[in-house]
Amino acid sequence: MPYPQLTWSTRKQLTRLGSALRGGVRPELEAVYQRIFDRDIERLGIGNDFYPVSSAANYSLMYLVSRLLQNFKFRQIVELGAGQTTLLIDAFKKKTIFDGSATTIEHDKNWKDFIQERVGHELKLVPLSSSHYVGGYDLTSLEISSKIDFLLIDGPPASGTGYLSRHSALPFVEQLNENGFVVVIDDAERRGESELAKRIADILHSKHIDFRVGDVLAAKRQTVFASGVFESAAFF
Ligand SMILES: C[S@@+](CC[C@H](N)C(=O)[O-])C[C@H]1O[C@@H](n2cnc3c(N)ncnc32)[C@H](O)[C@@H]1O
């Protein structure tokens with residue numbers, strides 16, 4: 001355990017500070033992304049009753065999802081971890097700006113039910129299992145039949161010994177649409193998610209798939225993999 005002589009709360013703060021320094025986050029840009037997000041949502045006539053604070057999506061992730069859905073026609077979205085982004089995808093669907101399919105995976109039944117009552121697309125309750133990654137999703141009984149062209153990785157919670165839990169998303173990389181895809185890894189300033197980004201890059205290289213990588217930086221870092229018809233998303 002690092003810093004055993006410190007209190008739990010000080011260790012947590014130091015760990016966060018370490019991640020932020022390594023990940024190069026730019027919290028001062030949060031207001032910039034909020035401004036763009038608010039402007040776009042108002043222009044599109046979507047009620048702005050989101051709460052992109054605390055453990056939920058931050059404003060740069062909301063901006064990114066909003067811009068992706070405005071710019072591209074996705075046929076199949078798979079979202080890991082329900083919350084503000086799920087509500088946002090639903091709002092775009094109800095305005096018919098997004099007209100593809102979306103599947104959201106959530107491990108917490110109460111949270112899944114809460115969000116499910118508010119959105120039209122299906123949330124799938126998926127348990128956590130530590131058989132591959134501590135606190136990762138157990139995907140054994142989940143089937144996504146179509147190719148995925150937008151994969152958003154923002155769950156399950158990843159902290160402490162479960163810092164690699166989001167590596168349980170790797171099977172979905174095998175299902176990306178070879179004609180074009182976007183993968184967004186949220187919280188990429190953290191060690192586990194940064195290692196996940198490297199593993200995804202390795203898998204894509206091994207399959208000889210051309211792609212670009214970009215980063216959006218504000219309170220958190222979103223790493224974006226973009227390929228084919230969606231390649232320009234790496235510059236968002
Ligand atoms: C980083 S959050 C998911 C964020 C989601 N993409 C969003 O936009 O808010 C990861 C997990 O935190 C939990 N979570 C997020 N917000 C919550 C809330 N308000 N209450 C309870 N659990 C929450 C859910 O289990 C979720 O899968």
Summing +1 per Lys or Arg and -1 per Asp or Glu among the other residues with Cβ less than 11 Å from ILE153's Cβ gives -4
Two-decimal Rg/Rh across the chain, once Rg and the Kirkwood Rh are taken from alpha-carbon atoms: 0.95
Computed from the beta carbon distance with a Förster radius of 30 Å, FRET efficiency for ARG11 and VAL32 to the nearest 0.05 stands at 0.40
Any idea what the relative contact order of the chain is, in percent, if you count C-alpha pairs under 8 Å spaced at least 6 apart? 20 percent
About its Cα centre, how strong a charge dipole does the chain have in debye, to the nearest 20, once Lys and Arg get +1 and Asp and Glu get -1 at the Cβ? 440 debye
Determine the calculated [θ] at 222 nm for the chain from helices alone, applying -39500 (n - 2.57) to every DSSP H run no shorter than 4 residues and normalising by the residue count; nearest 500 deg cm²/dmol. -10500 deg cm²/dmol
Obtain the nm distance between the two label points defined at GLU174 and ALA56 by a simple spin-label model: each point lies 7 Å from its Cα along the Cα-to-C-beta direction. 3.5 nm
Rank TYR63, LEU152, THR85 by how far each Cα sits towards the positive end of the charge dipole of the chain (+1 on Lys, Arg Cβ; -1 on Asp, Glu Cβ) and give me just the farthest. TYR63
How charged is the neighbourhood of ASP49? Take every other residue with its Cβ under 14 Å from the Cβ of ASP49, and add Lys/Arg as +1 and Asp/Glu as -1. -1
Candidates ASP40, ASP202, ASP99: whichever shows maximal mean-square fluctuation once the chain is modelled as a Gaussian network with Cα springs under 10 Å: ASP202
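FYI, it's all coordinate maths here, none of it is from the lab. What you see is a predicted model, and the numbers here were worked out from it, not measured in a lab. Virtual Cβ from ideal backbone geometry, glycine too; neighbours counted across all protein chains shown.
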